[in-house]
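Input: a single structure, listed below in structure tokens.
Quick note: the coordinates plus some simple rules give every number you see, no bench work behind them. On a predicted model such as this, the values are computed, not experimentally measured, just so you know. Glycine also receives a Cβ, built like all others from the backbone with ideal geometry; neighbour counts cover every protein chain displayed.
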């Protein structure tokens, strides 16, 4: 028991003697642990933090580079936007000028269209007047009315004062001069003269009336009647022949053998003079000449040519026969063609 106690006691006493090495080893262990931790921290710093920082720096540089590039792009875009804005402003100004030019052109076009419409109306009026002149010449031979219509057309073209109407006016002047050269007798005055002669017909003296008595022709002496049926037939024939008296006479045509014929003579002369007046008014040259020929023949054959009234009537008839009712009339086709050509040129759209 004492030995065990001794051993235990010895071991107990031996512990304080070996405490320094044990504490040294503890410090070494701690130092090693600290160094290990420091090494681990340094390794972690070198292997983790430094790449992270490098990556962060690279990312920051890339971000800065991207930012700088984006800023350059933004600046270029702003410059381009400014250029586009300036171009848009120039385009707006150009569009404004174009709109003003278009408006001015529209005004000019409207004015030109109005002028063309006015010229078209003027040419339509001129064509109507020329057509009226042509119809009066063709249907009635009325030279005076046709010339008045052409003069009115020329005045209308002159009032417009357009250079396009110069060819039209030239043709109108030519046709007006041609109509002025046509002889135009005083038909109204001639009609009045014929009417005055017709009113004096009843008082015109005729040639002397025949008072010569014409002896009847004596029939041949009758033969002795024969017997039988032949004698009866001959007697009947002689009786029939005795009922008819044949008178032979040699009277000239200038001598009226019946006073009752004077009425028919005056009515015939009046009828022919009235027919001549009617043909004169209607410009019927054929019937006018035929009626005057017959009236002249009646005056010369049956009326007293030594009387002054008869001579005056004959002179009126002769002067009327010398009048040309149907002279050769010019046409106005040249003026009509010129007007229609001008209208066609005006209707053609301008380039």
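How do 204, 81 line up, fewest other C-beta atoms within 10 Å first? Mind dumping the intermediate values first?
Numbers: 204 19, 81 10.
Lowest count first: 81, 204.
Taking the Cβ of each residue in 134, 333 as the centre, tally the other Cβ atoms inside 10 Å and list the residues starting with the fewest. Please list the in-between numbers first.
Working: 134 19, 333 12.
Listed from fewest to most nearby Cβ atoms, that is 333, 134.
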For the stretch 274-351 versus the stretch 80-98, the gap between their alpha-carbon centres in whole angstrom: 82
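Can you give the FRET efficiency to the nearest 0.05 for residue 151 and residue 319, using r as the Cβ-Cβ distance and R₀ = 25 Å? Could you put the intermediate results ahead of the total?
Values: r = 30 Å, r/R0 = 1.21.
Calculated value: 0.25.
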Virtual paramagnetic centre 7 Å along Cα→Cβ of residue 87, amide N under 16 Å, in the stretch 50-71: none
Full-stretch length increase - residue 61, residue 24 - with 0.36 nm per residue and alpha-carbon distance subtracted: 8.2 nm
Simple label model, 7 Å out from Cα along Cβ direction - residue 135 to residue 264, nm: 4.7
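Between residue 80 and residue 54, what is the FRET efficiency for a Förster distance of 35 Å, r being their Cβ-Cβ separation, to the nearest 0.05? Could the numbers behind the result be given before it?
Numbers: r = 38 Å, r/R0 = 1.08.
The calculated FRET efficiency here is 0.40.
Pop the C-beta distance of residue 68 and residue 348 into the FRET formula with R0 = 56 Å and round what comes out to the nearest 0.05.
Values: r = 70 Å, r/R0 = 1.25.
Calculated transfer efficiency: 0.20.
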